[in-house]
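The values are calculated or read from the model by the stated rules, or taken from the named source; none is laboratory data. Since this is a predicted model, take the numbers as computed values, not measurements. Glycine gets a Cβ as well: all are built from the backbone with ideal geometry, and neighbour counts include every protein chain shown. With ligands, DNA and RNA removed, areas are computed over all heavy atoms of the protein, side chains included. Shrake-Rupley method; radii C 1.70, N 1.55, O 1.52, S 1.80 Å.
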Amino acid sequence: MATVIRNPLFIPSSSHHHNLNRNNSSVLLTLRFPHTSLRHNSLQFKSRFAVSCSQSEPSSRRRPPYIPNRIPDPSYVRIFDTTLRDGEQSPGASMTSKEKLDVARQLAKLGVDIIEAGFPAASKDDFEAVKMIAQEVGNAVDDDGYVPVICGLSRCNENDIRRAWDAVKYAKRPRVHTFIATSAIHMEYKLRMSKEKVIDTARNMVKFARSLGCEDVEFSPEDAGRSDREFLYEILGEVIKAGATTLNIPDTVGINLPSEFGRLIADIKANTPGIENVIISTHCQNDLGLSTANTIEGARAGARQLEVTINGIGERAGNASLEEVVMALRCGAHVTGNLHTGINTKHIFLTSKMVEEYTGLQLQPHKALVGANAFAHESGIHQDGMLKHKGTYEIISPEDIGLERTNEAGIVLGKLSGRHALRKRLEELGYELNDDQIQTLFWRFKGVAEQKKRVTDADLRALVSDEVFQAEPVWKLGDIQVTCGTLGLSTSTVKLLSSDGRTHVACSVGTGPVDSAYKAIDLIVKEPVTLLEYSMNAVTEGIDAIATTRVVIRAESETSTTTTTSALTGQTVLRTFSGSGAGMDVVVSSVKAYIAAINKMLGFKETYPSAEKIPIPSLKI
């Protein structure tokens, strides 16, 4: 891996100090790095040197054998992905079981070490989704022997832990992750428990998890970032003796600065009895925008498991972003002591897009690495440098994360392009689609190509999102006719096709074409919902651009499939469901998004028609 050079001090080598002259073009220079941990604080080199952290060839370092409480390679860092648990707690990010399974399969392709598949005690459908992932993804061993650990979250009570174990035990490598708050404010106002009671509960619940047959138990002291140090050392020491194999240290409210969090990990490593027998983990929230920095500092201080989510999604401001943490470790190897992961970075971009589409949480354009502008250069000075050498302004090649440069692809798609050209370009963009998906997408592509001279990569991604990354259809759009303007109320006539093939037609008026269309759909579906969010974007510039629409809805009635239990508060909350649609007609795009959100909501009812909420006893002193 090449080294990123940050503000080195250029000092002539002593052996050439007296021989410098203007004509000596091959003079050796000594670079001193005052802020790095390189074994030698100076490097000698000629005028050409690498300034990119992109790797010219894959790392030869292999993923070490999995042992729950030990990593044979001291430089290896486990990546614990909690997109399907913490990430799904983002408003509007609810995913169906099929979508969760798709994401879990993609995470396995990415090479994450641990997949936290959900909170099984939250509801029947959460339990079944975790169980399905454990059975399928948790037993898919590749040629190198890799298979992800499948983890279920639980609070420190027997019911939660038993439900978590019953869901994950089907995996080849199951794990139960249990937690209890340890900060003074949480113990006083949320738990209403004394320190002694918290320690006793944590100890007993870790023992209970081990008694069920689980050999891989992770324990988290919630709000560790605001907890008393001595109390942390004590409770962590007790759960180690009880059988915990991983200790996760969360900055639950995202309040720690990087130096603080690094010191917290270092102090725990230095003062906790038995710490040498477990793995230290980090879980950093992004409330101050420091989650990635805190996570890297935690790794530098000795943590060897890092908890992250795809695109950084999660509660409130989100979590540490997998793509940022992994690429920061790669680029900062000279600072971290050559820490490395088992992530196949070529799958980062596609995984990011899948999570974005399934959750409906759109990325800001300037999102590091995977945002639309991450590899865009508009400044004239930057463009000049890029034309001369890409390394002038890009420390990472987009190809490293699976993103093909649009202007270097070589294939221009239009109305005369065939299936083979379409499939080839989609593969270059990172999509692996089956023949049926290609066939369906091809006719959508042809329809767009008839109206545009050139179909761009952004257009293709929008079409893939609209055709592939969608919930199982309970309702499909047949036709829509809209009359609107300034001369009267807008009127929409909508034809929907139900899953049994029957046709349903309704007509309604509204304040505009979208409003009237949504009301017509409501007349057909007969599922009262509240529209919480509506947004639309043009995929590309120009009057002929494809429009993408995103909506978030919430069911008006509380049922076992429209509610879930918050892992942190224990409160019952209404699920929200997002949907997206794409089309060259803004009304059609809007209608598709609304139907997609309804399909996602109904998908829960179709999968678990008799689901009942699991009674969860609260903790009492």
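Structural remarks
- Spin-label model distance (nm) - D200 vs A317, 7 Å beyond Cα toward Cβ: 3.8
- Karplus-based coupling profile of the stretch 143-159, in residue order and whole Hz: 5, 8, x, 6, 8, x, 5, 10, 10, x, 7, 8, 7, 7, 8, 5, 4, with θ = phi - 60° in 6.51 cos²θ - 1.76 cosθ + 1.60 and x standing for Gly or Pro.
- If R0 equals 30 Å, the separation of the Cβ atoms of E230 and L288 corresponds to a calculated FRET efficiency of about 0.70.
- Plainly put, the stretch 261-408 has a radius of gyration that is 1.02 times its Kirkwood radius, both from alpha-carbon atoms, as the Rg/Rh ratio.
- Cα-derived Rg to Rh of the stretch 73-359, Kirkwood definition: 0.93
- Full extension of the segment from R70 to D479, taken as 0.36 nm per residue of separation minus the current Cα-Cα distance, would add 141.3 nm.
- Ratio Rg/Rh, restricted to the stretch 475-607 and using Cα atoms, in which Rh is the Kirkwood radius: 1.01
- Low-density loop positions, trypsin sites (Lys or Arg not before Pro), the stretch 275-327 - DSSP coil, at most 16 other Cβ in 10 Å: R316
- Long-range amide H partners of L532 with built H, under 5 Å: V552, I553, R554
- Projected label distance in nm at R62 and K207, using a 7 Å step from Cα toward the beta-carbon: 4.1
- Partners of K415 within straight-line reach, counting lysines whose Cα lies under 21 Å from its Cα and excluding those fewer than 8 residues away in the same chain: K424, K446, K452, K453.
- Orientation-averaged projection of the stretch 418-469 equals 3.2 nm² [convex hull of Cα atoms, one quarter of hull surface area].
- Here r is the Cβ-Cβ distance between A372 and K453 and R0 is 25 Å; the resulting FRET efficiency, rounded to 0.05, is 0.70.
- Across the accessible surface of the stretch 199-296, with the other protein chains kept in place and a 1.4 Å probe, carbon and sulfur atoms take up 48 percent.
- Computed from phi, the 3J(HN,Hα) profile of the stretch 282-288 under the Karplus parametrisation 6.51, -1.76, 1.60 (θ = phi - 60°) reads 10, 8, 10, 7, 10, 4, 10 Hz, with x in place of Gly and Pro.
- A crude spin-label estimate for the pair L532 and R105, with each label 7 Å from Cα along the Cβ direction, gives 2.8 nm.
- Sites E432 and V573 - FRET efficiency at Förster radius 45 Å, r taken between beta-carbons, to 0.05: 0.80
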